[in-house]
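Trainee: Provided herewith is a single structure, encoded as structure tokens, for subsequent inquiry.
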Protein chains: 2
Amino acid sequence: MATQKHGKWYDDACGTAFALELIGERWSLLIVRELMLGGRRFGELRGGLPGISAKVLTERLESLEGVSVVKRRQLPPPASVQVYELTDWGYAAETAIKELGRWAAQSSGHDPTLPLSPASLMLSFRTMFAPTLAEGLAFAGLLRIGTDRFVVRVANEAFTATRGEIDDPDFTIVSPDAPSIAAMVYGKVPAEALGATGLTTSGDAQALQSFLNLFPLPKTFDASGAATT
Amino acid sequence: MATQKHGKWYDDACGTAFALELIGERWSLLIVRELMLGGRRFGELRGGLPGISAKVLTERLESLEGVSVVKRRQLPPPASVQVYELTDWGYAAETAIKELGRWAAQSSGHDPTLPLSPASLMLSFRTMFAPTLAEGLAFAGLLRIGTDRFVVRVANEAFTATRGEIDDPDFTIVSPDAPSIAAMVYGKVPAEALGATGLTTSGDAQALQSFLNLFPLPKTFDASGAATT
DNA sequence: CAGAATCCCATTCGATACTG
DNA sequence: CAGTATCGAATGGGATTCTG
């Protein structure tokens, strides 16, 4: 187990302060975010974290491993690759990560045009999903974002999004990147207008449209931080 | 309005990344925590944040004001003191802060013997309160922690904790500091054993005991981050 | 007391080069 | 590809001083 680096930033018994000791360093929480949809390799992590250097990523992974949020796994010999994945406890951080995102997304200062990783997009779906809008709906969709594959399912007013394939999806979305899908879902841009981005859809148009409407945006505070009535 | 400092740490449309741009600097989130139970003065903030320097506190307050999480208020002339308080949006961060704390407190590495501010203690109550344990209960208590005053109320399976006084509480807890109360609530240390700490209780012993049992601890992951069965 | 201004050291980061 | 090693630059934060 790698050695823990700092250990004494704050001198505070508060659980939130302890959380910040663990995942409060720059980049740490975003690394956890990238791992939230399953184990990833070093290079895949870099791909989802624009601007992070190999040095910092290495340091953060060691730190997160040292505090048992991340564990390292050697894949079986044929392809003996190393994979980083969350521990059970690491996965338990999902709620906290989503609540932070939900909070910040309510600000008028949020810029949705920046780059977005596939994992972030899936996590945003898990965050923004509105169960009441899913009454009576049941379908499964396949999302192909670059080389990533995700299955999204809606049933019993519940939503799941996981890495994986599926044989007979009700609909399929193929996109070169995540932002194009985000624009369609959150920007209410019709799929046809996204042709130029290389995004295509197929399958049950009804189910697809239902899916696209399951994720309402809040945005309820103005630039001065006051609630908008 | 103060100028925003960095602005471009991450280049990421993810809401969580944006949250970290706003409150991800060292100390920032703990300052928000200290303000969560009401406006505070500069020195009061320092008191609740052991180890923070005046320089850093000044910088962080400017930064938080710049992004509209905190606002500055001049109290009316008689006592023309400056008070820092959260904007509506700042108060909306409570859920995220509590979820971070709840997550971290599940770790076996959490050290509850460190210093604890009164605001942190109240926030921990709001976090750990278990509605199902409050069925049929209704009472109001007064907590005097050093010079701070809080009113805690339980009714309709709901819990509130706010700064303030009350005339006829069902019980009163007087303590020189927050950790003594934390030991009684979370450490299951009987009040009598806390005499040496200067903690005293009075009023309806039944209501007091009910109150003390409303905040169960989770702690469900071992040192390696695995779920304990 | 509340905070701004200086100074200076320690850490951190990014870029580049290197290795199995 | 998956990191490690090194180095210079930038940043951050503590201590101190000063001011209203």
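Taken together, the values in this text are just the output of simple stated rules run on the coordinates, not laboratory data. Please read all numbers here as calculations on a predicted model, not as lab measurements. All Cβ positions, glycine included, derive from the backbone under ideal geometry; neighbour counts span all protein chains shown.
Trainee: How big is the shadow of the Cα convex hull of the protein assembly as shown, averaged over all directions, in nm²?
Mentor: 25.7
Trainee: A follow-up question, please. Could you sort out which of B:K98/B:K219; A:K98/A:K219; B:K55/B:K98; A:K188/A:K219 sit more than 19 Å apart by Cα distance in this structure?
Mentor: Going by Cα-Cα distance, B:K55/B:K98 fall outside the 19 Å limit.
Trainee: Considering amide H positions built from the backbone, and no H for Pro or chain starts, which residues 5 or more places from A:R149, or on another chain, come under 5 Å of its amide H?
Mentor: For A:R149, the qualifying residues are A:G164.
Trainee: Give me the inter-chain shielding for A:41-52: mean count of other chain Cβ atoms within 10 Å, whole number please.
Mentor: 1
Trainee: Given H placed on each backbone N at 1.01 Å, which residues far from A:E157 in sequence or on other chains put an amide H within less than 5 Å of it?
Mentor: For A:E157, the qualifying residues are A:G136, A:L137.
Trainee: Relative to the longest principal axis of the C-alpha atoms of chain B, give the angle of the C-alpha long axis of helix B:54-66, reported between 0 and 90° and rounded to the nearest 10°.
Mentor: Tilt relative to chain B: about 80 degrees.
Trainee: In whole Å, how far is the Cα centre of region A:46-92 from that of region A:161-229?
Mentor: Value for the Cα centre distance between the two parts: 29 Å.
Trainee: A follow-up question, please. How long is region B:8-63 along each principal axis, judged by its Cα atoms, biggest number first, in Å?
Mentor: 36, 23, 17
Trainee: Which whole-Hz couplings ³J(HN,Hα) result when phi for each residue of region A:138-148 is put into the Karplus expression 6.51 cos²θ - 1.76 cosθ + 1.60, θ = phi - 60°, listed in order with x for Gly and Pro?
Mentor: Along region A:138-148, the couplings run 7, 6, 10, x, 10, 10, 10, 10, x, 9, 8 Hz.
Trainee: Rule-of-thumb check for region A:113-212: C-alpha Rg over 2.2 N^0.38 Å? Present the calculation step by step, with values, prior to reporting the outcome.
Mentor: Working: Rg = 12.5 Å, N = 100, 2.2 N^0.38 = 12.7 Å.
Ratio of Cα Rg to 2.2 N^0.38 Å: 0.98.
Trainee: Of the beta bridges DSSP finds with both residues in region B:113-212, what % are antiparallel, to the nearest 5?
Mentor: Working: 17 of 22 bridges.
Close to 75 percent.
Trainee: Continuing with the same structure: Could you derive backbone 3J(HN,Hα) for region B:47-52 from the dihedral phi with the Karplus parameters 6.51, -1.76 and 1.60 (θ = phi - 60°), listing whole Hz in sequence and x where the residue is Gly or Pro?
Mentor: Taking θ as phi minus 60°, the curve returns x, x, 10, x, x, 6 Hz for region B:47-52.
Trainee: Before rounding to the nearest 500, sum -39500 (n - 2.57) across all DSSP H runs of length at least 4 in chain A and divide by the residue total; then give [θ] at 222 nm in deg cm²/dmol.
Mentor: Value at 222 nm, helices only: -10000 deg cm²/dmol.
Trainee: Which order, highest average first, do A:84-92, B:134-142 follow once you tally other Cβ atoms within 10 Å for each residue and take the mean per peptide?
Mentor: Final packing ranking: A:84-92, B:134-142.
Trainee: Can you compute 3J(HN,Hα) from phi for each residue in region B:207-222, using the Karplus curve 6.51 cos²θ - 1.76 cosθ + 1.60 with θ = phi - 60°, rounded to whole Hz and x for Gly and Pro?
Mentor: Those phi angles translate into 4, 4, 5, 4, 4, 5, 9, 7, 10, x, 8, x, 6, 10, 10, 7 Hz.
Trainee: In nm², what is the average projected area of the convex hull enclosing the Cα atoms of chain B?
Mentor: 15.6
Trainee: Continuing with the same structure: Any chance you could give the angle, 0 to 90 degrees and rounded to 10, that helix A:94-105 forms with the longest Cα principal axis of chain A?
Mentor: 60
Trainee: Evaluate peptide B:20-32: per residue, the Cβ atoms of other protein chains within 10 Å of its Cβ; return the mean as an integer. Could you put the intermediate results ahead of the total?
Mentor: Numbers: counts 10, 4, 6, 3, 9, 2, 6, 5, 2, 6, 8, 0, 1.
Taking the mean over all residues of the peptide, I get 5.
Trainee: Springs between alpha-carbon pairs under 10 angstrom, Gaussian network model over chain A: which of A:S80, A:S210, A:S117 fluctuates most?
Mentor: The residue with the greatest mean-square fluctuation here is A:S80.
Trainee: So, one more: Which of these, B:T58, B:T201, B:T127, has the largest mean-square fluctuation under a Gaussian network model of chain B (Cα springs below 10 Å)?
Mentor: Comparing B:T58, B:T201, B:T127 in a Gaussian network model of chain B, the most mobile one is B:T58.
Trainee: Hey, got the Cα dimensions of region B:1-128 along the principal axes, in Å, largest first?
Mentor: The Cα atoms of region B:1-128 stretch 49, 37, 26 Å along their principal axes.
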